[in-house]
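What follows is one structure encoded as C-alpha cells, with my remarks underneath.
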Amino acid sequence: MAGVIPGGAAWLPLPGTAVPAGEEAEQLVVRRLLVAALFASIFLQRLALPVSGGIALNLFVTLAVVGYLGLCGFLRVDPVRAALVLLLVAVGLAATALNDGRASIGSLGLLIVMYAAFTVSLRDPSDVFEKCVEAFQRMVLVTAICGTAQFFLQFAIGPDDLFTFGSFVPSQFLVPNFNTANPLHWQSPYFKANGFFFLEPSIYSQYLCLAIAAEFLFRGVTARLAAYAFALPFAFSGTGPLMLLILLPVWLIARRRYVAIIGGCFALAALVTLVETLSGGYIANRLSEFGSENTSAHARFIAGAYLIREQVLASWTDTLIGLGPGSYLPIARTALFEAHDPAWAKLLLEYGLIGSLAFWPMFFAAVVAGSPSGWVSLALVIGYFTFGGMLLDARLHVLILVLCVLPKQPGSAACPRITMAGRAGPGIAGSGMRGPGRAARAAR
C-alpha cells in the first residue's frame with residue numbers, strides 16, 4: 001500500500017508497490033522529490049554528516065531522491081553514458097592500483113555515486129523542468145531577501161550570528177573549509193553577504209546570477225529580476241557575474257540583437273570607467289591577477305595547468321591514466337603557488353587523458369543533448385568551468401541533474417524541447433508560467 005507523509009495530503013508510494021493510476025499523480029511525486037533536492041542544495045548546503053571529515057548533507061538527499069525514483073521505475077538508463085562512466089571507473093581503479101598510498105578509494109567512490117546519476121533520465125519528464133525552475137527561482141528570491149537584509153542589519157545590530165551557523169550548530173555537522181564569513185576588506189568588522197544559507201558569498205553570487213539568467217530568459221524584466229540584481233552587489237564576488245558576462249553576449253548574438261549588443265558594449269564601458277574611477281583601479285587590479293601567482297584569478301584559472309605540466313606530463317603512464325583519485329589537493333598543497341581545483345584540471349591530473357576522454361563526452365551528452373533548455377544547460381556548463389572545484393561539488397551537481405539531466409526528452413536531442421511557454425506548442429496547463437511571449441520564445 002502507498003505510504004503517506006504525516007501531516008500532508010501528498011503521497012509517496014513505497015518502493016516496489018504500484019503507483020496510483022494517473023500521470024498527474026505520478027508527476028506530482030517526481031516534482032516534489034526533485035524540489036526537495038533543490039531545497040536541500042540551497043537551504044541545507046552548509047550542513048554535513050560527520051563522515052570522512054564532513055560530507056555535504058544535500059548529497060545524501062540527492063542520492064536518496066534518485067535512488068527512490070529508480071526503485072519506483074520512474075527512470076531510464078542511457079547505455080552510452082553508462083558505458084562511459086564504467087570506462088571512467090576502470091581508469092580510476094587502474095590509477096589507484098598504480099598509485100597505491102596516494103590515490104583515494106573514497107574520492108573514486110564519490111565520483112561514481114555522483115555521476116552514476118548522470119546516466120539516467122526520467123521516463124516521463126512532463127512539466128518537471130517548468131516546475132523545478134519556478135521552485136528554484138522562488139528559493140533564490142528568499143535568499144536574495146535574506147542576503148540583502150543580512151548585509152544592512154550587520155551595521156545596526158552587529159554581524160554576530162548573521163553570517164555563520166557556528167553558534168547554534170556543532171562544527172562536526174557543518175561543511176568545513178569554506179570562508180562563510182568573508183570580511184569586506186582586510187580586518188574589516190563587517191562582512192560580504194552570503195544569503196544566510198550559502199557557504200560563501202561567491203556561491204551566493206553564483207546562485208543569484210543563475211536565477212537572473214533564468215528569469216531573463218523565461219520571463220523577461222520582472223520585479224523578481226530586479227530583486228536578484230539588487231542583492232547581487234552585496235556579495236562582492238565576480239564568479240557569478242562572470243557566467244552572465246559570457247552567457248548574455250552569446251544569447252544576444254544568437255537572437256541577432258545587434259542594437260542591444262552595441263548598447264551593451266557602451267553601457268559596459270561606462271560602468272567599467274565609473275567603477276575604475278571610484279575604486280582606484282579595482283578592475284585593472286583583478287585582471288592583473290591572471291599573471292600573478294598566489295592570486296585568486298591565477299589560482300582558479302591558471303595554476304591547474306602548471307600542476308599538470310609539473311606532475312603529469314613527464315610520464316606517459318601518468319599522462320594516460322593520471323595520478324589517482326583524490327591526488328589533486330594533496331599535490332596542490334605542496335606547490336609553491338596557490339592552486340584551486342577546476343574540474344578539467346582535477347580530472348586530467350587524477351584520471352589522465354583516457355579518463356578525460358571518457359568523462360567529457362558523457363558529461364556533455366548528459367547535460368546538453370536533449371536538454372529542456374539549451375540556454376539553461378549553457379549557463380550551468382559555463383558555471384561548471386568558471387565557478388571552481390565543481391567536479392565533486394554536491395551543490396551545482398543537483399542543479400545540473402534536476403534542470404538538465406533528469407528532465408531530458410526521451411530519444412535524441414532532436415526531440416521537441418520544453419520551454420517555459422510549453423512543450424513546443426500550447427502552454428502546459430497549471431505550469432504557472434507566462435504564455436508565449438518574447439522571453440519565452442527566446443528561451444527555445
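The values are calculated or read from the model by the stated rules, or taken from the named source; none is laboratory data. What you see is a predicted model, and the numbers here were worked out from it, not measured in a lab. A quick note on method: Cβ atoms are made from the backbone with ideal geometry, for glycine too, and the neighbour counts reach across all protein chains shown.
A few notes on this one:
- So residue 136, is it within 19 Å of residue 380 (Cα to Cα), among the aromatic types (Phe, Trp, Tyr) and either assigned to a helix (DSSP H, G or I) or touching a helix residue (DSSP H, G or I) at 6+ places or on another chain (Cβ under 9 Å) (or both): yes
- Single residue of 69, 93, 88 found to be over 26 Å from the mean Cα position of the chain (by Cα), assigned to a helix (DSSP H, G or I) and closer than 21 Å to residue 119 by Cβ: 93
- Residue within the stretch 83-97 that is of a type in the set (Val, Ile, Thr), surrounded by fewer than 18 Cβ atoms within 10 Å (Cβ to Cβ) and farther than 17 Å from residue 396 by Cα present: no
- Residues of the stretch 45-74 that are surrounded by fewer than 15 Cβ atoms within 10 Å (Cβ to Cβ) and not small (Gly, Ala, Ser): 49, 50, 51, 71.
- Filter pass, residue 224 being farther than 27 Å from residue 158 by Cα, at pLDDT below 90 and either of a type in the set (D, E, K, R) or buried (at least 18 other Cβ atoms within 10 Å of the Cβ) (or both): no
- Boolean, residue 102 is surrounded by fewer than 22 Cβ atoms within 10 Å (Cβ to Cβ) and free of Cβ contacts under 8 Å to residues at least 12 places away in the same chain: no
- All helices (runs of 4 or more DSSP H) inside the stretch 301-345 with 1 or more residues being farther than 20 Å from residue 388 by Cα and of a type in the set (A, V, I, L, M, F, W, C): 316-321
- Of all residues in the stretch 163-198, those satisfying the criterion of being among the aromatic types (Phe, Trp, Tyr), surrounded by 13 or more Cβ atoms within 10 Å (Cβ to Cβ) and over 21 Å from residue 55 (Cβ atoms) are 163, 190, 191, 196.
- Within the stretch 227-259, the residues that satisfy the criterion of being farther than 25 Å from residue 184 by Cα and surrounded by 14 or more Cβ atoms within 10 Å (Cβ to Cβ) are 246, 247, 248, 249, 251, 252, 257.
- The residue of the stretch 309-334 that is surrounded by the most Cβ atoms within 10 Å (Cβ to Cβ), among those that are over 26 Å from residue 52 (Cβ atoms) and of a type in the set (A, V, I, L, M, F, W, C), is 320.
- Spans of helices (runs of 4 or more DSSP H) in the stretch 357-444 with at least 3 residues modelled with pLDDT under 85: 438-442
- Considering only residues in the stretch 17-66 that are at pLDDT 90 or above and assigned to a strand (DSSP E or B), the one that is farthest from residue 132 (Cα to Cα) turns out to be 49.
- Residue within the stretch 140-152 that is under 18 Å from residue 396 (Cβ atoms) and in a helix (DSSP H, G or I) present: yes
- Subset of the stretch 72-85 that is among the β-branched types (Val, Ile, Thr) and in a helix (DSSP H, G or I) - its residue that is farthest from residue 118 (Cα to Cα): 80
- Residue 331 being without any contact (Cβ under 8 Å) to a residue 40 or more places away in the chain and touching a helix residue (DSSP H, G or I) at 6+ places or on another chain (Cβ under 8 Å): yes
- The sole residue among 149, 144, 135 that is among the small types (Gly, Ala, Ser), modelled with pLDDT of 90 or more and in contact with a Phe, Trp or Tyr (Cβ under 6 Å, 6 or more places away or on another chain) is 144.
Rundown of residues vs (1) under 28 Å from residue 73 (Cα atoms); (2) surrounded by fewer than 24 Cβ atoms within 10 Å (Cβ to Cβ); (3) aliphatic (A, V, I, L, M); (4) over 15 Å from the mean Cα position of the chain (by Cα), yes/no style:
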| residue | (1), (2), (3), (4) |
| --- | --- |
| 336 | no, yes, yes, yes |
| 351 | no, no, no, yes |
| 355 | no, no, no, yes |
| 364 | yes, yes, no, no |
| 394 | yes, yes, yes, no |
